[in-house]
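The values are calculated or read from the model by the stated rules, or taken from the named source; none is laboratory data. In this text, all values refer to a predicted model and were calculated from it rather than measured experimentally. Neighbour counts run over all protein chains shown; Cβ positions are idealised from the backbone, glycine included.
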Amino acid sequence: MNRFLMAVASIGLVGLGLAPSARADEWDKKTVLTVNETIQVPNKVLPPGTYVIKLFNSVSDRHIVQIFNADDTELITTILAIPNYRLQPTEKTAVTFWEMPPGEPKALRAWFYPGDNFGQEFAYPKTAAVTIAATAHAEVPTTEAIKPAEMDTAPILKMTERGSLKPFFEALMNPPPSAATPAPEPPAALPEAPIAIPTELPKTASPYPLIGLAGALAVFIFAVVRVVRTTL
């Protein structure tokens, strides 16, 4: 029994030792990334090797990404990112890359932590964003902020394929006006027909009441004459 209790206590201590590490990884999304070819990220070119990617320790902005060396002891670069979304999360880390011109290293586009629907899409400096947009025929997030202190207030822009800039959230804040449904036109007024005024009033009276009145008068006269004759 004593050995059993000691074993249970040991397992509990191991669990307590692992819990803070698991919570820390969930908070900063710490991910170990190994690449076997040269890649580029905003403001940096990374040779083949192992790197640690995690979120900057900021409560107000959860879209600042930092890349460290394999030992997580040296900061290589800090990147301003924007939210990216995927329908189906995966159990492993997922990264995507921008298409680049021949001879140039692939540009890291987005990073998704295992099990997350929302990930981080990286904003590139203007010069790199122009090249990526022209090659990929797509709009690329861009910014000039390179210091962590500037990240919270740095504006995110979109570099278009033609090399022009526009606010990243322009489509969300100012959606294009939809074609308004034209109001139905009122029905055309019908031409007024002239009103004919008759010169003679219509004969609507019936002769039968007059005939009845004449008959009653004749009966009355007949009765009067008979009374007079009887009297005489």
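Criterion applied to Glu150, Glu161 was being in a loop (DSSP other than H, G, I, E, B), of a type in the set (D, E, K, R) and either over 22 Å from the mean Cα position of the chain (by Cα) or at pLDDT 85 or above (or both), and the one residue passing it is Glu161.
Residue under question is Ile132, and the condition is that it be among the β-branched types (Val, Ile, Thr) and at pLDDT 90 or above; does it hold?
So Ile132 passes the test.
A Cβ distance below 6 Å, combined with a sequence gap of six or more or placement on separate chains, defines the contacts here; from region 88-115, residues that are free of Cβ contacts under 8 Å to residues at least 24 places away in the same chain reach residues that are of a type in the set (Phe, Trp, Tyr) in the pairs Arg109/Phe97; Arg109/Trp98. Checked against the criterion of being on the phi < 0 side of the Ramachandran plot, surrounded by fewer than 12 Cβ atoms within 10 Å (Cβ to Cβ) and among the hydrophobic types (A, V, I, L, M, F, W, C), the candidates Val52, Val35, Val59 yield just one match: Val59. Close Cβ contacts (under 8 Å, 6 or more residues apart or on different chains) running from residues in region 53-67 that are of a type in the set (D, E, K, R) to residues that are at pLDDT 90 or above and in a loop (DSSP other than H, G, I, E, B) comprise Lys54/Lys29; Lys54/Lys30. Quick check on Leu5: is it buried (at least 17 other Cβ atoms within 10 Å of the Cβ), outside any loop (DSSP other than H, G, I, E, B) and at pLDDT below 95? Taking the combined requirement at face value, the residue does not satisfy it. Being more than 27 Å from Ala136 (Cα to Cα) and of a type in the set (Ser, Thr, Tyr) narrows it down to one residue among Thr78, Thr38, Thr93, Thr73; which is it? Matching residue, one of Thr78, Thr38, Thr93, Thr73: Thr73. The requirement of being surrounded by fewer than 18 Cβ atoms within 10 Å (Cβ to Cβ), of a type in the set (Phe, Trp, Tyr) and touching a residue at least 12 places away in the same chain (Cβ under 8 Å) is satisfied by Tyr85.
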